[in-house]
Every structure is written in structure tokens, then in C-alpha cells.
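Quick notes on the structure that follows.
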Amino acid sequence: MATAKKATARRKPAAPEPAKCPVCKGSGEVSRTVRVGRRQRVAGQQTGICLNCLGSGEIPADD
């Protein structure tokens with residue numbers, strides 16, 4: 001009498017982690033120096049959205 005093979009569940013391979021944006025290093029934000037006045041003196045820094053990845057923190061598609 002032949003024995004039937006048991007079906008084994010196959011695992012899906014783990015999806016690769018998306019690469020981080022080199023400009024913001026995956027945070028989605030970048031710091032910019034704020035300049036004020038006629039002589040453009042430095043007043044401080046503020047954070048803003050990364051224009052390379054648009055705040056997602058991942059490398060943009062090559063479309």
C-alpha cells in the first residue's frame with residue numbers, strides 16, 4: 001500500500017526592507033539653516049520635509 005504525501009505549508013520569503021534615502025538617512029526630515037536680515041545672518045535651524053523622498057524615508061522609484 002502506497003502512502004500519500006502530506007502537503008507542507010511553504011513560507012513566503014520575507015520582503016526585502018526598502019533602502020533608506022541617502023539625503024535624510026531614512027528620517028524623512030532635513031535641517032535647514034534659517035537666515036534673516038539684509039546681511040543674511042544665521043538665526044538658527046529648522047526641520048523640513050526631505051525633497052528627495054518627500055518625507056517617506058525610502059529611496060524614490062526610478063520611474
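The values are calculated or read from the model by the stated rules, or taken from the named source; none is laboratory data. Because the structure is predicted, anything quoted here is derived from the model rather than measured. In this analysis, Cβ positions are derived from the backbone assuming ideal geometry, glycine residues included, and neighbour counts consider all displayed protein chains. These area figures cover heavy atoms from the full protein model, side chains too; ligands, DNA and RNA do not enter into them. Shrake-Rupley method; radii C 1.70, N 1.55, O 1.52, S 1.80 Å.
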For this session: Collect the residues in region 39-63 that are within 20 Å of S27 (Cα to Cα), open to solvent by 80 Å² or more (accessible area, probe 1.4 Å) and assigned to a strand (DSSP E or B), keeping them in residue-number order.
Result: Q45, Q46, T47, I49, E58
Exercise. Restricted to region 23-38, and to residues that are part of a strand (DSSP E or B) and out of contact with any Ser or Thr (no Cβ under 6 Å at 6 or more places or on another chain), which residue is surrounded by the most Cβ atoms within 10 Å (Cβ to Cβ)?
Worked result: V30
For this session: Kindly list the number of the only condition in (1) surrounded by fewer than 13 Cβ atoms within 10 Å (Cβ to Cβ); (2) touching a strand residue (DSSP E or B) at 6+ places or on another chain (Cβ under 8 Å); (3) small (G, A, S) that fails for A4.
Result: (2)
